[in-house]
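The values are calculated or read from the model by the stated rules, or taken from the named source; none is laboratory data. No experiment lies behind these values; they were computed from the predicted model shown. With ideal geometry, Cβ positions are generated from the backbone for all residues, glycine too; neighbour counts draw on all protein chains shown.
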Amino acid sequence: MIKYSERAMIGALEGDIREKFRRSGYTLTSQRRAVLDALEESGGHPSTEDVYLIVKQKNPRVALGTVYQALSVLEEIGVITSKHWAESPTRYDLNVRPHLDIRCTRCGRVSEVPGVELGNLEGEIQHNTPYEVQSTRLVVEGLCPRCQEA
């Protein structure tokens with residue numbers, strides 16, 4: 001279960017989001033805003049299809065390609081991150097800070113792990129290797145409560 005409010009996160013980051021758009025040269029269009037709202041409404045780590053269905057409820061004329069394009073721009077400018085697993089669709093996340101996710105190996109549900117800090121993991125990796133860390137994505141896998149009961 002996610003312990004933070006995605007709505008509070010978007011509200012708190014609204015100025016940051018607008019600044020990222022301004023610096024990138026992109027515009028915060030109504031379609032991109034609708035995709036951001038759908039990510040917020042989903043309350044988790046939705047796939048492109050999930051986002052599309054939420055946006056389509058409010059705007060039946062929206063095209064799936066529009067959602068793909070909006071997600072791509074939002075990720076490119078650093079407003080969202082994407083998570084990739086070979087056996088499930090790409091998932092999107094409003095939380096761009098380094099954090100730990102847990103994914104159910106049966107149903108594919110993804111949740112953030114609350115109360116676990118990654119600390120200075122990126123700094124330690126850069127200090128101990130010749131790599132320049134560009135992003136950190138860690139995933140823990142297990143069975144969610146719903147799948148454990150099934």
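Examine the range 94-104 for a residue that is out of contact with any helix residue (DSSP H, G or I) (no Cβ under 8 Å at 6 or more places or on another chain), under 24 Å from C147 (Cβ atoms), at pLDDT 95 or above and among the aliphatic types (A, V, I, L, M), and state whether such a residue exists. Let's see the steps before the verdict.
In the first step, residues of the range 94-104 are kept if they are out of contact with any helix residue (DSSP H, G or I) (no Cβ under 8 Å at 6 or more places or on another chain); the result is 96-97, 99-103.
Those still in the list that are under 24 Å from C147 (Cβ atoms) too: 99-103.
Those left that are additionally at pLDDT 95 or above: none.
Checked against the condition, which is being out of contact with any helix residue (DSSP H, G or I) (no Cβ under 8 Å at 6 or more places or on another chain), under 24 Å from C147 (Cβ atoms), at pLDDT 95 or above and among the aliphatic types (A, V, I, L, M), the range 94-104 yields no hits at all.
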Q | Lone unmet requirement of (1) outside the structural domain of E14 (by TED's automatic domain parsing); (2) part of a helix (DSSP H, G or I); (3) basic (K, R) for R32 | A | (1)
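Checking the condition on the phi > 0 side of the Ramachandran plot and either in contact with a strand residue (DSSP E or B) (Cβ under 9 Å, 6 or more places away or on another chain) or hydroxyl-bearing (S, T, Y) (or both), which residue from G78, G119, G108 passes? Step through it out loud before you land on a result.
Working: G78 fails: either in contact with a strand residue (DSSP E or B) (Cβ under 9 Å, 6 or more places away or on another chain) or hydroxyl-bearing (S, T, Y) (or both); G119 fails: either in contact with a strand residue (DSSP E or B) (Cβ under 9 Å, 6 or more places away or on another chain) or hydroxyl-bearing (S, T, Y) (or both).
Every option except G108 fails the conditions.
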